[in-house]
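Peer 1: Right, I'll just put the structure down here and ask away after.
Each value in this text was obtained by applying a stated rule to the coordinates, not by laboratory testing. Because the structure is predicted, anything quoted here is derived from the model rather than measured. Note that each Cβ is placed from the backbone with ideal geometry, even for glycine, and that neighbours are counted across all protein chains shown.
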Amino acid sequence: MAFLDFVPNLGRQVLLTIPNLGAAARFLLRSLVAVINRHFSIQQLLKQVYGFGVRSLLLMIVAAFFTGMVLGFQGYYALVRFGATSALGTLVALSLLRELGPVLTALLFAGRAGSALTAEISSMKATEQLNAMEMMAVNPFAWVVAPRLWAGIIVVPILCAIFDLVGIFGGYLISVPVLGVDGGTFWAQMQSNVTFSGDILTGLFKALCFGLVVTWIAAWQGYAAQPTAEGVGNATTRSVVTASLAVLGLDFILTAFLFT
Amino acid sequence: MEKRAIDWWVGIFVLLGIAALVVLALRVGNLSGFAYNDGYVLHADFTNVGSLKVRSPVRLGGVTIGEVTHIGMDPKTFMANVTMRIEPKVKLPTDTGASIYTEGLLGEQYVAVQPGGMPQDLKPGGTITMTQSAVNIDQLIGQMVFDKASGSK
């Protein structure tokens with residue numbers, strides 16, 4: 001019996017998901033275009049950049065520092081068996097620049113800023129503030145959603161660049177002074193194997209895509225939430241889960257396209 | 001006042017991001033390594049370049065004097081064509097030789113040039129004719145095993 005329920009449920013889910021995706025895409029377009037609306041204010045954008053970026057900075061720095069140090073340790077013990085510790089700098093830098101920097105930044109950002117964003121927008125909806133704005137002829141896309149979306153797109157690559165740098169520094173601190181890898185080799189091998197456009201810029205491009213996707217999902221989950229106290233909670237949970245999975249999935253696709 | 005504080009923080013945040021990118025570019029990505037931009041170009045044909053890569057160093061007596069800028073294949077001679085950029089102050093004689101060596105046992109490969117004694121210098125765009133290809137360890141081992149086997153008979 002349970003199996004017989006499964007088939008129509010699957011069909012219903014598909015039928016519900018497709019229009020949802022369409023609505024989410026329209027939501028994204030309306031919000032991105034809302035920059036030219038007269039209700040879009042730079043002040044609002046700066047406020048969101050402050051909230052998303054400046055206030056996540058400490059979290060990112062601490063996370064990056066520890067990630068880099070762990071990479072240094074693990075890489076050293078893996079490479080020392082082959083006498084190839086000279087490649088440690090390359091290993092730390094490439095892992096951070098290509099994968100760990102963008103992905104970890106985006107995942108932390110989804111937890112730190114995405115959840116707050118969903119909670120904010122969904123409780124605005126629950127308390128009918130969004131409706132009130134429309135009554136006052138203020139476009140809620142331009143006033144509420146667009147500044148947050150653009151702030152996400154701006155903030156995540158910046159956070160990622162800082163994450164990469166702090167992570168590499170953490171890796172250096174473990175490799176050279178603690179484990180005794182030669183400092184000159186560490187930097188020279190890194191420099192001869194890392195390219196600016198191929199590794200650093202593509203990593204930041206990944207971060208930009210993740211910033212867009214995470215804030216998009218967070219804002220959409222908030223906007224589409226049930227306008228109840230329970231709905232706000234559900235939307236926040238869903239926002240973090242969906243955004244994290246989307247980042248990991250998108251990372252695979254981007255890697256397949258960018259690094260071939 | 002509150003607004004001004006936010007503006008300041010956002011400004012500092014963006015500057016931090018730009019500074020991080022600049023440090024990454026210079027310190028990690030070695031964008032400053034394009035110091036050979038004003039250098040002149042030389043070519044060399046090898047039968048086998050091994051795992052030589054673009055941006056591998058070109059060395060003379062262990063000192064880096066340039067970098068590999070392009071590796072291609074000549075469809076007529078089936079030789080691998082390596083294009084290098086050399087520091088302008090280093091003038092190499094026409095009978096200069098080029099070899100591909102490995103840094104240590106597992107290290108990176110680089111082009112080593114050995115200057116000859118001719119009075120004329122190689123012109124920009126010139127070709128180094130005396131070349132020695134990368135050592136293929138598999139081939140060496142195969143040869144050694146083969147020699148051992150045939151020698152014991």
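Peer 1: Would you mind ranking A:VAL144, A:VAL14 by Cβ crowding within 10 Å, fewest neighbours first?
Peer 2: In order of increasing Cβ crowding within 10 Å: A:VAL14, A:VAL144.
Peer 1: Note down the magnitude of the dipole of chain A about its Cα centre, charges +1 on Lys and Arg C-beta and -1 on Asp and Glu C-beta and zero elsewhere, to the nearest 20 debye.
Peer 2: Around 340 debye, computed over chain A.
Peer 1: Rank these for me by crowding, A:LYS125, A:LYS47, B:LYS76, B:LYS123, going from fewest to most other beta carbons within 10 Å.
Peer 2: The most exposed by this proxy come first: B:LYS76, B:LYS123, A:LYS47, A:LYS125.
Peer 1: Could you tell me what % of all Cα pairs in the range B:1-92 have separations over 20 Å?
Peer 2: 55 percent
Peer 1: I want the local charge near B:PRO119. Using Cβ-Cβ distances under 12 Å, sum +1 for each Lys or Arg and -1 for each Asp or Glu among the other residues. Each step should come with its number before you reach the end.
Peer 2: On the way: positive: B:LYS91; negative: B:ASP95, B:ASP121.
Taking every other residue near B:PRO119 into account, the sum is -1.
Peer 1: Follow-up. Ignoring everything except DSSP H segments at least 4 long, calculate the 222 nm mean residue ellipticity for chain A; use -39,500 (n - 2.57) per segment, divide by total residues, nearest 500. Show your work: numbers first, answer last.
Peer 2: Numbers: 11 runs with 192 residues, N = 260.
That comes out to -25000 deg cm²/dmol.
Peer 1: Now, a different point. Run the simple label-point estimate for B:ASP147 and B:LYS53 please: 7 Å along Cα→C-beta, distance reported in nm.
Peer 2: For B:ASP147 paired with B:LYS53, the spin-label model returns 3.2 nm.
Peer 1: A further question on this structure: Can you check what the net charge comes to around B:GLY11, using other residues whose Cβ is under 13 Å from the Cβ of B:GLY11 (Lys, Arg +1; Asp, Glu -1)? Could you put the intermediate results ahead of the total?
Peer 2: Numbers: positive: B:LYS3, B:ARG4; negative: B:ASP7.
Neighbourhood net charge equals +1.
Peer 1: Let me check I've understood the local charge: for A:SER95, count other residues with C-beta under 11 angstrom from its C-beta, Lys and Arg +1, Asp and Glu -1. What total comes out?
Peer 2: Numbers: positive: A:ARG98; negative: A:GLU99, A:ASP164, A:ASP199.
Charge balance near A:SER95 sits at -2.
Peer 1: For the range B:57-112, what number results from the quotient of the Cα radius of gyration and 2.2 N^0.38 Å?
Peer 2: My calculation over the Cα atoms of the range B:57-112 gives 1.22.
Peer 1: Which order do B:LYS53, B:LYS148 fall in if you start with the one that has the fewest other Cβ atoms within 10 Å?
Peer 2: B:LYS148, B:LYS53
Peer 1: To continue, here is another question. Got a sec? Charge dipole of chain A, +1 on Cβ for Lys and Arg, -1 for Asp and Glu; which of A:SER244, A:THR67, A:TYR77 is way out at the positive end?
Peer 2: Highest projection toward the positive end goes to A:SER244.
Peer 1: Relative contact order for chain A: what is it in percent, counting Cα pairs under 8 Å that are at least 6 residues apart?
Peer 2: Here the relative contact order equals 32 percent.
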